[in-house]
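Q: Pasting in a structure now, in structure tokens, and then I'll have a few things to ask.
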Amino acid sequence: MATVSSQDTPLNNGRPIGVPTPVVAVRQVAIAAQDQADRLWRRQVPAWVISGAIHMALMAAFLFYNYFFADRVQATPPENQVVETKLDGDSSPEERDIKEVNTGLYVFDADALESIKGMMSRPHGLFLVCGPTGSGKTTTLHSLLGFLNTPDIKIWTAEDPIEISQAGLRQVQMNAKIGWTFAAAMRSFMRADPDVIMVGEMRDAETTKIGIEASLTGHLVLSTLHTNSAAESVVRLLDLGMDPFNFADALLGVLAQRLVRRLCTQCRVKHEASVREMEAIAKEYCEGTALEPDKLLRQWRQDKITMHQAKGCKECDRTGYKGRLAVYELMSADATVKRLIQTRSPIAEIAAAALANGMRTLKQDGIDKVIKGHTDMHQIRAV
């Protein structure tokens with residue numbers, strides 16, 4: 001069932017002006033139905049007609065309540081996967097932040113955070129979040145929507161299922177059995193002309209094509225893909241038959257991410273890595289980049305980095321880990337990347353151009369978090 005909130009209706013204490021409370025409304029309908037039944041009874045109208053009239057009146061009351069007071073139909077995710085973005089409705093995007101409240105799930109460095117906020121401040125374009133199932137893509141998208149969610153911005157989402165709800169969004173549940181797919185929802189959204197559109201997943205050519213067209217016609221479009229890296233997402237969409245020039249013009253950036261377990265801060269212990277371990281880590285850090293492992297090792301020795309490992313305590317149920325955090329790579333669609341997309345360049349060339357522009361790979365971001373003591377190499381190598 002697709003339910004739409006009444007964001008554009010003037011409100012008084014959370015209720016449209018002139019609309020009675022649900023209790024008063026139902027009471028009024030019930031009184032009117034009883035009066036009508038009495039009139040029909042005095043006219044000796046058959047009982048089935050009276051019963052039908054009462055049922056129609058009660059159905060009208062139910063639809064009235066559902067339209068004005070029911071926010072949406074949603075599926076509630078596990079508590080540790082929900083991110084609440086607290087915003088001040090009167091603040092500007094520059095004064096707000098993309099962050100979560102309850103579990104410390106995501107850790108973006110300052111440069112990446114500023115890049116993401118810059119992309120979200122654009123009036124139109126396409127931003128993708130990619131990763132396998134369970135990597136936190138939906139949570140990230142809703143954090144971005146929370147950053148954008150102000151009374152003057154119209155945001156519509158098409159999700160399957162609705163896992164996280166936010167006040168002020170028009171969230172629509174997909175139902176393929178009745179033909180209500182992502183593509184059908186996107187076509188309907190375009191007629192309503194929202195400022196921001198979030199699509200749960202670009203899983204077919206039709207949805208992807210409509211999403212690119214929407215981003216080129218004045219809408220900011222956010223979506224997800226099941227791909228392993230940011231550069232691979234670009235090639236995947238080109239393989240779906242997208243026009244490389246339209247796609248290059250529309251793309252703002254791609255965020256690839258994974259979730260890893262966070263070390264328990266109450267019991268983690270320092271770990272002095274051996275020379276062989278450090279050499280292996282440096283080699284992994286520099287793999288696929290222009291960095292040299294020897295120079296990186298010298299820098300680490302100069303900085304006297306310290307790693308940590310899990311131990312276990314009562315706080316973490318003897319596991320050594322408590323909570324999760326994301327490792328990510330953010331690829332910005334600069335002029336070089338757009339030119340490579342237009343020429344259908346292979347993944348390696350697109351990735352090399354993004355790295356030259358300052359992108360860090362998933363492995364690099366993970367190792368940086370290991371050095372900071374957030375997690376350990378076992379977790380990074382597992383993803």
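The values are calculated or read from the model by the stated rules, or taken from the named source; none is laboratory data. It should be emphasised that the depicted structure is a prediction, and the values quoted were computed from it without experimental measurement. So basically every Cβ, Gly included, is an ideal-geometry build from the backbone, and we count neighbours across all protein chains shown. Only protein heavy atoms, including side chains, enter the accessible area calculation; ligands, DNA and RNA are left aside. Shrake-Rupley method; radii C 1.70, N 1.55, O 1.52, S 1.80 Å.
Q: For the stretch 316-383, what is the accessible area per residue in Å² when the probe is 1.4 Å?
A: 44
Q: Which order do the peptides 138-149, 259-270 come out in when sorted by mean C-beta neighbours inside 10 angstrom, highest first? Numbers along the way, then the final one.
A: Working: 138-149: 22.3, 259-270: 18.2.
Highest to lowest by the protection proxy: 138-149, 259-270.
Q: What does the highest-first list of 114-121, 312-319, 297-304, 360-367 look like by mean Cβ count within 10 Å? Don't skip to the answer; put the middle values down first.
A: Values: 114-121: 17.1, 312-319: 13.5, 297-304: 11.2, 360-367: 22.4.
The most tightly packed comes first, giving 360-367, 114-121, 312-319, 297-304.
Q: Please work out how much length the chain gains when fully extended from Thr343 to Cys313, using 0.36 nm per residue of separation minus the C-alpha to C-alpha distance, in nm with one decimal.
A: Full-extension gain reported as 5.3 nm.
Q: Counting only protein heavy atoms and using a 1.4 Å probe, what share of the accessible area of the stretch 122-234 belongs to carbon plus sulfur, as a whole percent?
A: 52
Q: Tell me the label-point distance for the pair Asp193, Ser51, using the 7 Å Cα-to-Cβ offset, in nm and rounded to one decimal.
A: My value for the distance between the label points is 5.0 nm.
Q: Here's a follow-up. If I stretch the segment between Thr289 and Leu240 completely, what's the gain in nm (0.36 nm per residue apart, minus their alpha carbon distance), one decimal?
A: 14.8 nm
Q: Let me ask something additional. In Å, what is the Rg of the alpha-carbon atoms in the stretch 238-305, and how long is Dmax?
A: Reported Rg and Dmax, both Å: 19.5, 53.
Q: Name the shape class, rounded, prolate or oblate, that the alpha-carbon gyration tensor gives for the stretch 134-259, where a ≥ b ≥ c are the square roots of its eigenvalues, rounded holds for a/c under 1.5, and otherwise prolate holds if a/b is larger than b/c and oblate otherwise.
A: Taking the square roots of the gyration eigenvalues as a ≥ b ≥ c, the stretch 134-259 is rounded.
Q: At a probe radius of 1.4 Å, what is the per-residue accessible area of Val275, in Å² to the nearest 10?
A: Counting only protein heavy atoms, Val275 exposes about 90 Å² to solvent.
Q: If you take the beta carbon distance between Gln166 and Asp109 as r and set R0 to 25 Å, what does 1/(1 + (r/R0)^6) give as a FRET efficiency, to the nearest 0.05? Could the numbers behind the result be given before it?
A: Numbers: r = 25 Å, r/R0 = 1.02.
Calculated transfer efficiency: 0.45.
Q: Glu206 to Lys372: FRET efficiency via 1/(1 + (r/R0)^6), r the Cβ-Cβ distance, R0 45 Å, to the nearest 0.05?
A: 0.55
Q: What pairs from Lys137/Lys322; Lys117/Lys314; Lys117/Lys283; Lys137/Lys209; Lys314/Lys369 go past 30 Å between their alpha carbons?
A: Details: Lys137/Lys322 20 Å; Lys117/Lys314 39 Å; Lys117/Lys283 32 Å; Lys137/Lys209 21 Å; Lys314/Lys369 24 Å.
Over 30 Å Cα-Cα: Lys117/Lys314; Lys117/Lys283.
Q: Next question, about the same structure. Rounded to the nearest whole Å², what accessible area per residue is found for the stretch 121-262 with the 1.4 Å probe?
A: Averaged over the residues of the stretch 121-262, the accessible area is 35 Å².
Q: Something else about it: Take the Cα coordinates of the stretch 185-343, assign each an equal point scatterer, and use the Debye formula without solvent to give log10 I(q)/I(0) at q = 0.08, 0.19 Å⁻¹.
A: -0.41, -1.13
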